[in-house]
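Notes to accompany the following structure.
The values are calculated or read from the model by the stated rules, or taken from the named source; none is laboratory data. A quick note: this is a predicted structure, and the numbers were derived from the prediction, not measured. FYI the Cβ positions are ideal-geometry reconstructions off the backbone, even for glycines, and counts take in every protein chain you see.
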Amino acid sequence: MSTALIDIEIEDARNKLATLEKQKQEEVEKELEKLESPLKVLQGIIEQKRVQVKNNRYSKSIPLAQFYDQEKLNMLEPIFNMLKSIDERLKALEPKN
């Protein structure tokens, strides 16, 4: 093998490694966000489902998917609102440092 081919393969390996490290970092950041602000994650899921239901982005082969997602939204939204209210009350009761 020539030196040029080896250099190209090394560069490709470095690029793949950098991409994998970036993906791993993003996964770690997502996990930390889930731990630090679970309400924000839940809100994101609810918003995503709302948009999906509103835009009717469903496969024709699964006609009940939109109905099921709407049911999920109807159950998740009150739970989210209750948790958000509890969180706000707790923050108001916590002593300010």
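Need the failing condition index for residue 64 against (1) surrounded by 10 or more Cβ atoms within 10 Å (Cβ to Cβ); (2) modelled with pLDDT of 85 or more, just the number. Unmet condition: (1).
Tell me yes or no: at least one residue of segment 55-71 is of a type in the set (Lys, Arg) and touching a helix residue (DSSP H, G or I) at 6+ places or on another chain (Cβ under 9 Å). Within segment 55-71, one or more residues are of a type in the set (Lys, Arg) and touching a helix residue (DSSP H, G or I) at 6+ places or on another chain (Cβ under 9 Å). Please work out if residue 20 is without any contact (Cβ under 8 Å) to a residue 40 or more places away in the chain and under 22 Å from the mean Cα position of the chain (by Cα). Yes.
Each row is one residue, and each column tells you yes or no for (1) of a type in the set (A, V, I, L, M); (2) surrounded by 11 or more Cβ atoms within 10 Å (Cβ to Cβ).
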| position | (1), (2) |
| --- | --- |
| 42 | yes, yes |
| 50 | no, yes |
| 60 | no, no |
| 69 | no, yes |
| 83 | yes, yes |
| 87 | no, yes |
